[in-house]
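The values are calculated or read from the model by the stated rules, or taken from the named source; none is laboratory data. Given the structure is predicted, the values throughout are model-derived calculations rather than measurements. Backbone-built Cβ (ideal geometry, glycine too); neighbour counts: all protein chains shown. To get the accessible areas, we keep the full protein, side chains included, count just its heavy atoms, and leave off ligands, DNA and RNA. Shrake-Rupley method; radii C 1.70, N 1.55, O 1.52, S 1.80 Å.
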Amino acid sequence: MAATRRKYPSKSKKQTIISPKSVKWIVGLFLLLCTIIFVYQKKDAVLYYLGFKIKNTELTANQRKLEDKRINDIVGNHKGKIFGIDVSQYQGTIDWDNVEAIEEQFELKFVIVRATAGSNKIDLKFKKNWRNLTESMYIQGAYHYYRPDENSTDQANNFISTVKLRKGHLPPILDIEKMPKGQSMDKLKEGLQNWLTIVEKYYGVKPIIYTGEKYYEDFLQEDFPDYQFWIANYNPWKEKIEDDYLMWQFTEKAKLHGIDELVDVNVFNGNVDDLKKVCIK
């Protein structure tokens, strides 16, 4: 009888197994590569951020170049929309007959000036700026800088007694930027609403609220849904105005002819006709 041959299992091909440690390395290298590509594509914004992280009033030549490029990019991203500036006593004496953007970066259509601050402060340049604007071709508006720990009724009356608004002017504007020190956020919101109510009753038009984007998202967006917002955000990664913003203040470091100091620039979410619809009737 022939011997039966013992069958052995055939050898399968050796499987390659990637260790968890290797996977982490591969993922890490991939993310690093993506980061390098992203930073390269946004290198101007990165340089802008590094150059402007600390606020200053004097710019180096390189910082000026980066800022002008950013302004040009944002203007280019908002074809059909209009631009304006806001000023206060910190811009000094302005030569209104010669105010215009350097190298015609944008056409100036509106100007907003600080009128008052707190319970009794009147901007040192308000009367002169307001008078000159009245004689200009710009659509003009005025704002009140709100001091959280001062009486809201006194602040409203300060603005009312200082600013004479008429047909064609922008509605009154409330500027809130600071956190309260001696009261809760709920009390602050009550004060803001009181200011808004008093001012609206006097002028017959709902005011606009100015604030920073983070402040808006954290404290105001849900509690003041019936108001239009003018938002400040100088983040170099931000390229376009949000749909729910009335205006976006995208830089505080523009340089204009006729103004010695740096100035804020804003884009309005529409054209001139749209802005006129917002104005007092």
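So which of K121/K238; K187/K255; K109/K214; K189/K281; K79/K178 end up more than 30 Å apart, counting from Cα to Cα?
The pairs that break the limit, which is 30 Å between Cα atoms, are K121/K238; K187/K255; K79/K178.
Please list, in order along segment 265-279, the HN-Hα scalar couplings obtained from phi with the Karplus expression 6.51 cos²θ - 1.76 cosθ + 1.60 (θ = phi - 60°), rounded to whole Hz, x for Gly and Pro.
Listing the rounded values in order: 10, 10, 10, 8, 7, x, 9, 4, 4, 5, 5, 5, 5, 6, 5 Hz.
PRE reach from D274 (point 7 Å along Cα→Cβ): which of segment 228-246 fall under 15 Å by backbone N?
What the label zone holds, given the 15 Å backbone N cut-off, is 228-231, 240-246.
What figure, in Å² to the nearest 10, do you get for the accessible area of F126 with a 1.4 Å probe and non-protein molecules left out?
Around 10 Å² of this residue is reachable by solvent.
For segment 65-161, with the dipole built from +1 on Lys and Arg beta-carbon atoms and -1 on Asp and Glu ones, taken about the Cα centre, which of A101, F126, T116 lies farthest toward the positive end?
The residue sitting most towards the positive pole is T116.
Using only Cα atoms, tell me the angle between helix 185-203 and the longest principal axis of the chain; keep it within 0 to 90° and round to the nearest 10.
Relative to the chain, helix 185-203 is tipped by roughly 40 degrees.
Specify the angular offset, from 0 to 90 degrees and rounded to the nearest 10, of the alpha carbon long axis of helix 20-41 from the longest principal axis of the alpha carbons in the chain.
Long axis of 20-41 versus the principal axis of the chain: about 40 degrees.
At q = 0.07, 0.15 Å⁻¹, what log₁₀ I(q)/I(0) does the chain have when each alpha carbon counts as one equal point scatterer in the Debye sum?
-0.34, -1.18
Counting Lys and Arg as +1 and Asp and Glu as -1, each charge on the Cβ, what is the dipole of segment 95-139 about the Cα centre in debye, to the nearest 20?
Here segment 95-139 has a charge dipole of around 540 debye.
Of the accessible area of segment 100-257, with the probe set at 1.4 angstrom, what percent is carbon plus sulfur?
Exposed carbon and sulfur together represent 45 percent of the surface.
So what's the back-of-envelope 222 nm ellipticity for the chain, counting only DSSP H runs of four-plus at -39500 (n - 2.57) apiece and dividing by all residues, rounded to 500?
Mean residue ellipticity at 222 nm (helix-derived): -10500 deg cm²/dmol.
Label points 7 Å out from Cα along the Cβ direction at N235 and R166: separation in nm?
That separation, rounded to one decimal, is 4.2 nm.
How far apart, in nm, are two points set 7 Å out from the Cα along the Cα-to-Cβ line at A61 and at L33?
In this crude label model, A61 to L33 measures out at 4.0 nm.
For the peptides 143-154, 87-98, what is the packing order when you average, over each peptide's residues, the other Cβ atoms within 10 Å and list the highest mean first?
143-154, 87-98
Hey, what angle do you get for helix 43-52 against the long axis of the chain, alpha-carbon based, 0 to 90 degrees rounded to 10?
Roughly 50 degrees, rounded to the nearest 10.
Taking H placed 1.01 Å from N in the peptide plane, check which residues at least 5 places from G270 or on another chain put their amide H under 5 Å from its amide H.
Sorted by chain and number, the residues that satisfy this are I82.
Just to be sure I understand: with springs between alpha-carbon atoms less than 10 Å apart, which residue in P236, P172, P225 has the highest mean-square fluctuation in the Gaussian network model of the chain?
Between P236, P172, P225, it is P225 that shows the largest mean-square fluctuation.
Nearest 5 percent is fine: what portion of the DSSP beta bridges confined to segment 136-281 is antiparallel?
Rounded to the nearest five, the antiparallel share is 25 percent.
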